[in-house]
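Readers should treat all values here as calculations from the given coordinates under stated rules, not as data from a laboratory. From a predicted model like this one, the values you see are computed outputs, not experimental measurements. Counting neighbours? That spans all protein chains shown, and the Cβs are built from the backbone with ideal geometry, glycine included.
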Amino acid sequence: MLEIKDLHATVDGNEILKGINLSIKPGEVHAIMGPNGSGKSTLAKVLAGHPAYEVTKGEVLYEGKNLLELAPDERAREGVFLAFQYPIEIPGVSNAQFLRLAYNEKRKHLGEEELDPLEFKDLLKERAAIVEMDASFMTRAVNEGFSGGEKKRNEILQMAVLEPKLAVLDETDSGLDIDALRIVAGGVNKLRNSENAIILVTHYQRLLNYIVPDYVHVLAGGRIVREGGKELALELEEKGYDWIKAQAAGSGSTAGASQAS
Amino acid sequence: MVTEIAKEQGAYAAPFRRLQEKTGTDAPSWVARLRESAFNSFERLGFPSVRQEEWKYTNVAPIAKANFEPAVENESALDAAQLQPFVYEESRASRLVFVNGFYSPELSSTEALPEGVVALDLAAALREEKYAETLRGQLARGADFGENAFTALNTSFIESGAFVLVPEGAQVEAPLHLLFISDGQSLSSPRVLIVAGRGSTATVIESYAGAREGDAYFTNAVVEVSLGEGARLNHYKVQRESTDAFHVATTRAALARSSAFNLTTITLGARLSRHDVQVTLDAEGAECWVDGLYIVGGTQHTDTHSVIDHRRPHCTSHQLYKGILDGKSRAVFNGKVFVREGAQQTDAQQTNRNLLLSNEARVDTKPQLEIFADDVKCAHGATVGQLEAEELFYLTSRGLNAELARNLLTYGFAEEVIEKIKIDSIRAQLDEAVLNRLHSNLETKNL
């Protein structure tokens, strides 16, 4: 589904990704872990097409297509989804309006009939149940005045509505209390199936207790420095990131890595 | 230069004389004297120049040079079908229509107004003895023609217009729509006087439109509002003149004790528009909301000058003006809040926010506070910005194309003002203006 080959990317002239290689098949869950500044979020944003990040080398194939040639909205309509680490507030636009627009844009792209407000309302109600959000959130402006946990749940609601083939969850666990974490993780698990793939970008192992990954990749200094199964996450939890950082520093420069988030 | 300006003012002398002679017989003599006095004032003041502080950013020379001929009655033959694009369903049977400033009984209907509510042609009201005292006491008492040349010009041509009297305690449900349509190339001088009695509640929509897009004409309106004790008035001004037209208007409201004036001004049309809003909070407990939304593009120019005058203690004012500018358009916002000596416990808020959709659009915004009391709560602020890149990315990352994302953010920006509007048809009209093709996708508002 996704082939990342020797991916290099810069932001504001600083090289953050320095040759990422990653291969993901349908039905798989991959965790990307690593210390702050390792390039985890940069990788997530590059996959979604954030304009501030420039790919300087390498390629990304998504279902055989060159993902990097597609605009962010085209990627989304093709089934790529990024759950933001810091979801954006959109004053004056209701959640329901926004979700229906996004949903219908995708339907149009797939040559399917658009849903009218009533039909969409039914669908939205069903999807909102996945993240235990009640109807009051639908009439409120997108993320405006939402708590941190509500914003993250809203991201997963968007995922539930758009049903992406490839979902990249960027630190979706950060800032969540244990109940919210359980709801968010439960939602993701319900959406997980043999057709889609999920990339979990996270600093902590905690989320992986709830969403169990098939593979764990450890990023440091813009490169993947360790790979393994879910047990690697436990090892990191126990030993911390210092030994990984030391390893990365030993194998190459980390200049500019502190710019990444 | 001097002689040229004199000539431009002179263009109005002959029509003015004709009016004075024509109605000399049926309008009360005080009206003739009022006009005379206003015309003297207009001749003395002349059209303002950009050298005057209040007109620094708005050059009205094109209005002066065009020498618009004052409209006369019965020049137009507009029919009800041509009116359709400009009417609001909510006011189907509570509507006064004015063509070029003159009342059109055939196009108007006031059936939905309760007994006792007066909504009349000003010319007719002036002929009736029972309104003489009210009219004499109120007409041209608020809008000062001694200082403002456009008000003076309007007052010189007082003839037809709207006279609205809401009796004490009346609760008027149907919004009264005062629809001013321009048909042709002339100068219209719409005049409105609204007197709301003690404890009454009413809604007035004042709207301006051109019969044909592309017509070049000049609307010069003056609206005076007087609210009695505890009266509440929701007032909408919707300006969607032809984009080749000129629109200058003054809204002057005087608020008695515990009264509430809620004005929302929507500006979409005209090549050049200027709106002067003056609200005086004349007694304790009065409250006003003065909100606005201007959406301009191309080479449109719009100017809002507001004065909120806190004259007595315990009054509250809220002001929110938002602007969306595209193309090479230009907006001016000048908002003054006065808190007079002794007006303690004043609460005055003023905000002006502007969204520039192009690099060539320009805004000059100047909020001003002048406070002569010490126990007050006042805040003001102004911003001019563009769409946020992070917001655009967020929307596009959900599959909305860049244009749709821009439209949706623009819509969201305007929504803060639009959502306060209680008339569905006006809201729908604005959603359409903001979104155009996106409109059909967004009927889900109340989902």
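Out of segment A:1-75, which GluC sites (Glu not before Pro) are coil in DSSP terms and have no more than 16 other C-beta atoms within 10 Å?
A:Glu63
Mind checking which lysines have their C-alpha under 17 Å from A:Lys45, skipping anything on the same chain fewer than 8 residues away?
A:Lys45 reaches A:Lys5, A:Lys18, A:Lys57, A:Lys152, A:Lys165.
Classify chain A: rounded, prolate or oblate, from the alpha-carbon gyration tensor (a ≥ b ≥ c, eigenvalue square roots; a/c under 1.5 rounded; otherwise prolate if a/b is larger than b/c)?
Since a/c reaches 1.5 and a/b is larger than b/c, the shape of chain A is classed as prolate.
Excluding B:Val337 itself, calculate the net charge of residues whose Cβ lies under 13 Å from the Cβ of B:Val337, where each Lys or Arg counts +1 and each Asp or Glu counts -1.
+2
Mind checking the dipole of the protein assembly as shown: about its Cα centre, +1 per Lys or Arg Cβ, -1 per Asp or Glu Cβ, Debye to the nearest 20?
860
Based on the Cβ-Cβ distance of B:Ser358 and A:Asp122, what FRET efficiency does E = 1/(1 + (r/R0)^6) give at R0 = 41 Å, to the nearest 0.05?
It comes to 0.50.
Work out the mean other chain Cβ neighbour count within 10 Å for the residues of B:410-422 and drop it here as an integer.
Mean shielding by partner chains, rounded to a whole number: 3.
Taking the dipole about the Cα centre of chain B, with the C-beta of Lys and Arg at +1 and of Asp and Glu at -1, give me whichever of B:Thr250, B:Ser109, B:Pro62 is farthest to the positive side.
Toward the positive end, the furthest listed residue is B:Pro62.
With unit charges on the beta carbon (Lys/Arg positive, Asp/Glu negative), name the residue among A:Asn209, B:Leu227, B:Ala38 whose Cα is farthest towards the positive pole of the charge dipole of the protein assembly as shown.
B:Ala38
Long-range amide H contacts for B:Tyr103: which residues qualify at under 5 Å (H placed 1.01 Å from N, peptide plane, sequence gap of 5 or more or a different chain)?
For B:Tyr103, the qualifying residues are B:Gly161.
Take A:Asn36 and A:His109, extend 7 Å from each Cα along the Cα→Cβ direction, and tell me the distance between the two endpoints in nm.
Placing both labels 7 Å along Cα→Cβ, they lie 3.4 nm apart.
Let me spell out the model: positive unit charges on the Cβ of Lys and Arg, negative unit charges on the Cβ of Asp and Glu, origin at the Cα centre of segment B:239-385. What dipole size does that give, in debye rounded to 20?
Rounded to the nearest 20 debye, it is 300 debye.
Mind checking the mean number of beta-carbon atoms from other chains within 10 Å of the Cβ atoms in A:84-95?
5
Give me the net charge of B:Ala143's neighbourhood, meaning all other residues with Cβ under 11 Å from the Cβ of B:Ala143; Lys, Arg count +1, Asp, Glu -1.
-1
Under 30 Å between alpha carbons, and skipping anything fewer than 8 positions from B:Lys130 in its own chain: which lysines qualify?
Once the sequence-local lysines are set aside, what remains near B:Lys130 is B:Lys22, B:Lys237.
Counting Lys and Arg as +1 and Asp and Glu as -1, each charge on the Cβ, what is the dipole of segment A:94-160 about the Cα centre in debye, to the nearest 20?
220
R0 = 25 Å: FRET efficiency of A:Glu231 with A:Lys190, Cβ-based, nearest 0.05?
Step by step, r from the Cβ atoms, then E = 0.50.
Provide the convex hull volume over Cα atoms per residue for the protein assembly as shown, in Å³.
In the protein assembly as shown, the Cα convex hull volume per residue is 184 Å³.
Counting only other chains, and only Cβ atoms inside 10 Å, what mean value do you get across the residues of A:75-82?
That works out to 3 on average.
Does anyone have the angle between helix B:424-435 and the longest principal axis of chain B? Alpha-carbon axes, 0 to 90°, nearest 10?
50
Once the Cα atoms of helix B:29-45 and of chain B are each reduced to a long axis, what angle between those two axes, in degrees from 0 to 90 to the nearest 10, is obtained?
The helix B:29-45 is inclined about 60 degrees to chain B.
Under the rule a/c < 1.5 gives rounded, and otherwise a/b versus b/c splits prolate from oblate, where does chain B land using the Cα gyration tensor?
Since a/c stays below 1.5, the shape of chain B is classed as rounded.
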